[in-house]
Amino acid sequence: MDKVIEIKNISYKYGAAEGVDVEALRGVSLDVFKGEFLVIAGHNGSGKSTLAKHMNGLLLPTSGEVRVNGIPTTNDARIFEIRSAVGMVFQNPDNQTVATFVEDDIAFGPENLGVPREEIERRIDEALAAVGMSGHRKSTPQKMSGGQKQRIAIAGVLAMKPRVLVLDESTSMLDPRGRKEVVETARKLNKEGITVVLITHNTEEAFFADRIVIMNEGHITAVGTPKEIFTDAETLNKNRLVLPPLLEIQRLLVIAGYCTGEPVFTEAELSERLINLL
Amino acid sequence: MNNISFGQYYPSNSFIHRLDPRVKLICAVIYVAAIFFVDSYFVYAAVLLFGITVIALSRVPIGTVLKTVKSVLFLILLTFALNLFLVSGDKVLWSWKFIKITATGLDYAVRMAFRLFLLITGTSLLTLTTTPMELTDGLESLMTPLKAVRFPVRDIALIMSIALRFIPTLMEETTKIMNAQKARGASFDTGNLLKRVKALLPVLIPLFVSAFRRAEELALAMDSRCYDATPNRTRRRQFKINMVDIAVLLIFAAFITLIILDKYLWGGAMDGIIYGLIFKK
Ligand SMILES: Nc1ncnc2c1ncn2[C@@H]1O[C@H](COP(=O)(O)OP(=O)(O)OP(=O)(O)O)[C@@H](O)[C@H]1O
Ligand SMILES: [Mg+2]
């Protein structure tokens, strides 16, 4: 499979200049494959955001190398090529819009890249449609719900035509409904061919992942499919992650000897299973 | 509060609203400068008439325009009083102990107060008929020649638009913090001035901390969206001057010519002519 992002044994220290030394990444290697839905999970301070910021060259590794589409992120001349290929959405829905009106905000990225005017107008419409917000072109994000604001932020990134969408805890400040909106949007975009890297400490959002990467203390401590990760309670425990209730029930059922086999990831499947047990 | 991002803007589709914001900006700047050259009462009346015509054309209710004067009413009255009592002259109209009102004083006071009034109403007409976004875009376009001397026109325009964008967010946040402090027993509207200022500190500090955190995340988001990627950035909105804009500029130019002529050529003689016409014996 094609690799969109190659991370080779990178380390990163914050505050090296001031001599304080916070080692946020210690020898991380990871490939992001084209078209996959990758979830990076880990508790607070495990280094997820630091890793994310290496994916579009916002941070450059202290040692090791990151390549996007084969271009090293240290290549200054092509850094904007990298940034438009790897779009990034952050945590706080209020801090990512630069303009009062939706259309002006979405235009920001393509304007910066010097995309022709008619093309920008087209991209605004396409991006809004892709996040299910057509018709909000002339509105202002100020009055929207958190979930809608984050979708506008995603649209702003999509207008740069990225190959990868990185969501750094973009759901953590939202209510359950907003969270669902954003995750659904990410899944839809992934089905349409965009590679998604979703960073979260809410493990429920990892159900749909092709792969889950678990981070702890600046290391990658586990990589696997949701099935592998969520049946390995010990690993989750060691990395201070909690099993979502849906899977905790199944784990207890297995321990008690009521069922065996593969875990299921939807409430409907679980209730079906429980009914069969009765 | 909910409309704060639009400033004073009074939405309408009048032809004044639809004018090129650059034309309106230029007119406003010239207007402000010209007001200081207005000399005779005749021209004051002409400016007032002109203003009323523009307001009528803009379809902004007179009351809305006058409301903008309310916030500076004190300043106008103060100017009036200072001129009235402090300007000395020969012809004393009224006196009481050491207070004297002279004809010259009255004349000055009326002129100055009226000048301020015209200044405020005239400029607020600009913000009433133009959205802040149009103003920012217009300013950016007008400042374009400054790029030649490496003046960061684009950055300045972006700073203005981001400031506009964050005003409501920060207002909301201030209300939230104030409510949180109130819930803990803080009081913002009792006590003397010093006490009130002190009560504001626990609001301002968290507000600043949060503003800096926001700025940091915004900067990351802007970098991620390729800010400063190329000097050949696309300008999405392009202004086109049309015939109406040109006509407005011409009318405005004629108007300014009248003011200048009155001051330097006729020496306020218009007043004399009018007095003559009215009080003809
Ligand atoms: N700007 C910074 N300066 C110094 N240290 C930092 C900075 N940003 C993060 N760190 C430290 O680096 C480590 C990793 O932080 P990072 O933000 O990558 O973690 P995270 O997994 O994203 O956490 P969270 O879930 O809280 O977002 C933490 O110990 C953190 O305190
Ligand atoms: Mg983080």
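The values are calculated or read from the model by the stated rules, or taken from the named source; none is laboratory data. A quick note: this is a predicted structure, and the numbers were derived from the prediction, not measured. Heads up, the Cβs are rebuilt from the backbone with ideal geometry, glycines too, and the neighbour counts pull from every protein chain shown. The protein model used for the area step is the full one, side chains on, heavy atoms only, and it has no ligands, DNA or RNA in it. Shrake-Rupley method; radii C 1.70, N 1.55, O 1.52, S 1.80 Å.
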Worksheet item: Total Å² of accessible surface buried at the A-B contact, 1.4 Å probe, nearest 100?
Response: 3300 Å²
Worksheet item: Which of A:LEU165, A:LEU252, A:LEU59 moves the most in a Gaussian network model of chain A with Cα springs under 10 Å?
Response: A:LEU252
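So, for region A:24-146, what is the accessible surface per residue at a probe of 1.4 Å, expressed in square angstrom?
Averaged over the residues of region A:24-146, the accessible area is 34 Å².
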Worksheet item: Any idea what angle helix A:117-130 forms with the longest principal axis of chain A, computed on alpha-carbon atoms, 0 to 90 degrees, nearest 10?
Response: 20 degrees
Practice prompt. Give me the accessible area per residue for region B:154-224, probe 1.4 Å, as a whole number in Å².
Written response: 63 Å²
Worksheet entry | Degrees, to the nearest 10: A:267-277 long Cα axis against longest axis of chain A | 10 degrees
Fill in: Lys, Arg +1 and Asp, Glu -1 on Cβ, resulting dipole of chain A about Cα centre, debye, nearest 20
140 debye
Item to complete: Ratio to report: Rg/Rh of the protein assembly as shown, with Cα atoms as the point set and Rh obtained by the Kirkwood method; give two decimals.
Response: 1.12
Response to the item:
In region B:154-224 the accessible area split gives carbon plus sulfur, as whole percent at 1.4 Å, a share of 69 percent
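Looking at the square roots a ≥ b ≥ c of the eigenvalues of the Cα gyration tensor of chain B, which shape do they give, rounded for a/c under 1.5, prolate if a/b is larger than b/c, or oblate? Intermediate values should be presented prior to the final figure.
Details: a/c = 2.59, a/b = 1.36, b/c = 1.91.
Oblate is the answer for chain B, as a/c is 1.5 or above yet b/c matches or exceeds a/b.
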Worksheet item: Quick one: what Rg and Dmax do you get for chain A from the alpha carbons, in Å?
Response: 19.8, 65
Worksheet entry | Area of B:MET112 that stays accessible when all protein chains are in place (1.4 Å probe, Å², to 10) | 60 Å²
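To the nearest 20 debye, what is the magnitude of the charge dipole of region B:154-224 about its Cα centre, counting +1 on the Cβ of each Lys and Arg and -1 on the Cβ of each Asp and Glu? Spell out each step's value before the answer.
Working: 10 positive and 7 negative charges, 85 e Å.
Dipole size: approximately 400 debye.
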Worksheet item: Can you give the convex hull volume of the alpha carbon atoms of region B:154-224 per residue, in Å³?
Response: 100 Å³
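Just add up the charged neighbours of B:SER58: K/R +1, D/E -1, any other residue whose Cβ is under 11 Å from the Cβ of B:SER58. Intermediate results must be reported in sequence, preceding the final value.
Working: positive: B:ARG18, B:LYS24, B:ARG59; negative: none.
Overall, the nearby charge balance is +3.
Which net charge results when you count Lys and Arg as +1 and Asp and Glu as -1 among the other residues whose beta-carbon is under 10 Å from that of A:ALA99? Write down the numbers at each step before the final one.
Working: positive: B:ARG165; negative: A:GLU103, A:ASP104, A:ASP105.
Surrounding charge for A:ALA99 is -2.
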Worksheet entry | Between 0 and 90°, nearest 10: helix B:269-278 axis offset from chain B longest Cα axis | 60 degrees
Worksheet entry | Residue of B:SER14, B:SER210, B:SER161 that the Gaussian network model of chain B assigns the largest fluctuation, springs spanning Cα pairs under 10 Å | B:SER210
Discussion item. Name the residue from A:LEU30, A:THR260, A:ILE275 whose Cα lies farthest towards the positive end of the charge dipole of chain A, charges +1 on Cβ of Lys and Arg and -1 on Cβ of Asp and Glu.
Written reply: A:LEU30
Worksheet entry | Flagged links, alpha-carbon separation over 18 Å, of B:LYS70/B:LYS100; A:LYS8/A:LYS48; A:LYS34/A:LYS161 | B:LYS70/B:LYS100
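What does the C-alpha gyration tensor say about the overall shape of region B:37-191? Classify as rounded when a/c is under 1.5, otherwise prolate if a/b is larger than b/c, or oblate.
It is oblate, given that a/c is not under 1.5 and a/b is not larger than b/c.
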Worksheet entry | Most fluctuating residue given options B:THR175, B:THR64, B:THR234, as computed from a GNM of chain B linking Cα atoms under 10 Å | B:THR234
